[in-house]
1. K33: which lysines have alpha carbons under 27 Å from its alpha carbon, excluding same-chain residues fewer than 8 sequence positions away?
2. Calculate for the chain the 222 nm mean residue ellipticity that helices alone would give, adding -39,500 (n - 2.57) per DSSP H run of length 4 or more and normalising by residue count, nearest 500 deg cm²/dmol.
3. Short version: what are the Cα gyration tensor semi-axes of the stretch 2-107, square root of 5 times each eigenvalue, largest first, in whole Å?
4. Using a 1.4 angstrom probe on heavy atoms only, work out the carbon and sulfur share of the accessible area of the chain in %.
5. Excluding residues fewer than 8 places away in the same chain, name every one of the lysines whose C-alpha is closer than 18 Å to that of K388.
6. With every protein chain left in place, what is the accessible area per residue of the chain in square angstrom, probe 1.4 Å?
7. Using only the heavy atoms of the protein chains and a 1.4 Å probe, how would D316, D261, D292 rank by accessible area, largest first?
8. Along its principal axes, what span do the Cα atoms of the stretch 202-267 show, with the longest given first and each in whole Å?
Amino acid sequence: MTKPLVVQKFGGTSVGTVERIQEVARRVGACAKDSRLIVVVSAMSGETDRLLKLARALSPDPLPRESDVVVASGEQVTSALLSIALDARGVPAQSFLGHQIRIRTDSSHTKARIRSIDSERMFEALDAGKVVVVAGFQGVDENGNITTLGRGGSDTTAVALAAATNADACEIYTDVDGVYTTDPRIVPHAHKLERISYDEMLELASLGAKVLQIRSVEFAKRYGVRVHVRSSFNEEPGTWVVPEESNMEDVTVAGVAFDRDQAKITLTAVPDRPGLAAKIFSPIAAKGIVVDMIIQNAGADGKTDMTFTVPRLEADHALQIVRDIAREIGAGEARSEGDMTKVSVVGLGMRSHAGVAAQIFETLAREGINIQMISTSEIKVSVVIDAKYTELAVRVLHDAFLGGDKEARG
Ligand code: ADP
Ligand code: ASP
Ligand code: MG
């Protein structure tokens, strides 16, 4: 009988030093006795930031194509180092860069999407009894240019490879024991979830929980890949990200996420006429800036104020666009405020349990935290607050829904 095929991904901290790489090699070597293995690695921790800084030291706006060539080198190094470490332990291994196994992406440098993967070379190496070691985060476009998949993209490489090879499991090894009810760095008494649904994980990831890159969860959901997030520092079982199960709605809230990188832009005295929202938001969208929450307040004088959020790094650019439009349409002043955090409460059980939003508002009010914007969907409520209250808000919301004796999933 053929051995099961498992994809294992080791993140930056897990391969952050020579000693850590040796430890990964030990672990992989032990698993290789019972499984065929495809191992995906990130760059050593801090390396991608260091490489980006080098590029930015030469230009405030480095060419995206060249930036990708620079940052992809981080994963090139670790993939070969792990293969060397495995070989040194007597475990046959071979490294592959994105282009060598044709991880074909679109051409959106720095945030490319995977379109297809050619598994043939990986299966040849597996059939020859080797551990396949793949450089995460990178791919190649149809013209042969190196692309990268966005920060945290090695998660997506791993899940996409698991889908493409029809692997039996996809294990994401990281520096926490699994997916927690909130970031354990902010709330040390957060607890590990045994299971979480794809939809809850998608929300948490898109709302700031960077334990998995959002695209990896999209892939997992689309192809039904069961993902096991676990620690590279111990052997404990972690968290399974799985299709929704019948009892998952019993727990109202699965977790709390936060995103500190928000900015708020306000445009005052916008004439209240059909078509003006399109006039304001179309040029922003055309520049690839993602607008998140939008609030419009109609005044009695036929004018409205428009407030919306954008990623903080893009606030200056968005403000410049809005100022140009304001002049064109005869609106008032445009201003931006950085230092906003979006805090979100996520759970499948919100579909059937009323009153979560009200409880969020009461909890924050008790701490004197002002809510600036609100948005809701079927399984989440998000609020935008002043960034200086981030830790406090996350902690009190966590404890209100998930603290102490409250029910939690696992
Ligand atoms: P890796 O380098 O292994 O990919 P990341 O730093 O990208 O690791 O992701 C792991 C980190 O995600 C943890 O150290 C933790 O601080 C953070 N994190 C944020 N939210 C959560 C959560 N709900 N559960 C677990 N970790 C979380
Ligand atoms: N090295 C890349 C990053 O730091 C990709 C990853 O680690 O997943 O974002
Ligand atoms: Mg990561």
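The values are calculated or read from the model by the stated rules, or taken from the named source; none is laboratory data. Computed from a prediction, not measured in an experiment: that's the story for all the values here. Note: ideal-geometry Cβ built from the backbone for every residue, glycine included; neighbour counts use all protein chains shown. Accessible surface is based on the protein model in full, side chains and every heavy atom, while ligands, DNA and RNA are left aside. Shrake-Rupley method; radii C 1.70, N 1.55, O 1.52, S 1.80 Å.
1. Within reach: K3, K9, K130.
2. Values: 11 runs with 139 residues, N = 410.
My calculation for the chain gives -10500 deg cm²/dmol from helical runs alone.
3. On the way: eigenvalues 169, 53, 19 Å².
Taking √(5λ) for each eigenvalue gives 29, 16, 10 Å, largest first.
4. Exposed carbon and sulfur together represent 49 percent of the surface.
5. Here the lysines satisfying the reach criterion relative to K388 are K264, K342.
6. Numbers: 18610 Å² over 410 residues.
Heavy-atom SASA per residue in the chain reads 45 Å².
7. Details: D316 120, D261 95, D292 70 Å².
Result of the area sort, largest leading: D316, D261, D292.
8. Each principal axis gives a Cα extent; for the stretch 202-267 these are 50, 32, 24 Å.
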